[in-house]
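One structure is given here, and the rest of the page talks about it.
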């Protein structure tokens, strides 16, 4: 039974290799960034090898990815219509011995792991550089490029709620609320490429810029509280039973993911 379960999870994660990517979907977003720093989110992929140094403490069936850390629910029969979670905005820092610009992104989404046709997601980027720390909020319906939200700001320690809702397979909303300063932004989608609605996820990502992964920030710990997904039957489910992904880079596992009934905790351990 253990072997069958592990094989199933490996096959699901491997399927992510077939998900198409787009080098252009973030071009306009990148042009709007005053720093010229381009964020290009990527679907989940599976590391080719097994980590030689495993620092994680979780005991779930963990798969390793070069870009995703977090929890992914995969639907059997029900489909996911909404995903939400709240987290405290961290203060990113340079990894030990690092110098330059480092980033990470926390988001919730529908699809992106086993679904190949579309992804609905929204989240917040954290960046640390010589000029200090900055934050960017964004929304996306893949394969279109992502867009920056305006009218919302963040400071370390703020509590943020991120939510995506699919009102149909081709429409929905992405909403971010800064619970600490009362600001809320939202975008409504329509006539989009069809979602599968088979994945619900809570993720910290090492995204791409210029076709390669950016230098990954030490984001400390991001805990999605109130983490839940709603199905088309109206039921609400939490992270238990989700596939767990940790980021592995250079044969080193640099994140540690754990879940409870209503939370997903992602810690940087690199």
Any hit, segment 162-177, residues being modelled with pLDDT of 95 or more and part of a loop (DSSP other than H, G, I, E, B): yes
Some residue of segment 39-46 being crowded, with 17+ Cβ neighbours inside 10 Å and either under 21 Å from residue 155 (Cβ atoms) or at pLDDT 90 or above (or both): yes
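Keeping to segment 228-257, report how many residues are part of a strand (DSSP E or B) and within 15 Å of the chain's Cα centre (by Cα).
So in segment 228-257, the residues part of a strand (DSSP E or B) come out as 228-231, 236-237, 243-249, 252-253, 255-257.
Now narrow it down to the ones that are within 15 Å of the chain's Cα centre (by Cα): 228-229, 243-247, 255-257.
Total meeting the criteria: 10.
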Search result, residues across segment 81-104 that are part of a strand (DSSP E or B) and within 24 Å of residue 119 (Cβ to Cβ): 81, 82, 83, 84, 85, 86, 87, 103, 104
Of all residues in segment 138-159 being in contact with a helix residue (DSSP H, G or I) (Cβ under 7 Å, 6 or more places away or on another chain) and in a loop (DSSP other than H, G, I, E, B), the one that is farthest from residue 107 (Cα to Cα): 145
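Run down 128, 133, 124 and say which single residue is in a strand (DSSP E or B) and under 22 Å from residue 82 (Cα atoms). Let's see the steps before the verdict.
Working: 128 fails: under 22 Å from residue 82 (Cα atoms); 133 fails: under 22 Å from residue 82 (Cα atoms).
Exactly one residue qualifies, and that residue is 124.
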Number of the exception - residue 261 against (1) modelled with pLDDT of 95 or more; (2) surrounded by fewer than 22 Cβ atoms within 10 Å (Cβ to Cβ); (3) part of a loop (DSSP other than H, G, I, E, B); (4) in contact with a strand residue (DSSP E or B) (Cβ under 8 Å, 6 or more places away or on another chain): (4)
Single residue of segment 199-222 satisfying the filter (surrounded by fewer than 19 Cβ atoms within 10 Å (Cβ to Cβ) and modelled with pLDDT of 95 or more) that is farthest from residue 83 (Cα to Cα): 220
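Does residue 117 satisfy being under 19 Å from residue 167 (Cα atoms), without any contact (Cβ under 8 Å) to a residue 24 or more places away in the chain and in a loop (DSSP other than H, G, I, E, B)?
Numbers: under 19 Å from residue 167 (Cα atoms): yes; without any contact (Cβ under 8 Å) to a residue 24 or more places away in the chain: no; in a loop (DSSP other than H, G, I, E, B): yes.
The answer is no for residue 117.
The values are calculated or read from the model by the stated rules, or taken from the named source; none is laboratory data. Keep in mind that what you see is a predicted model, and the values were worked out from it rather than measured. So basically every Cβ, Gly included, is an ideal-geometry build from the backbone, and we count neighbours across all protein chains shown.
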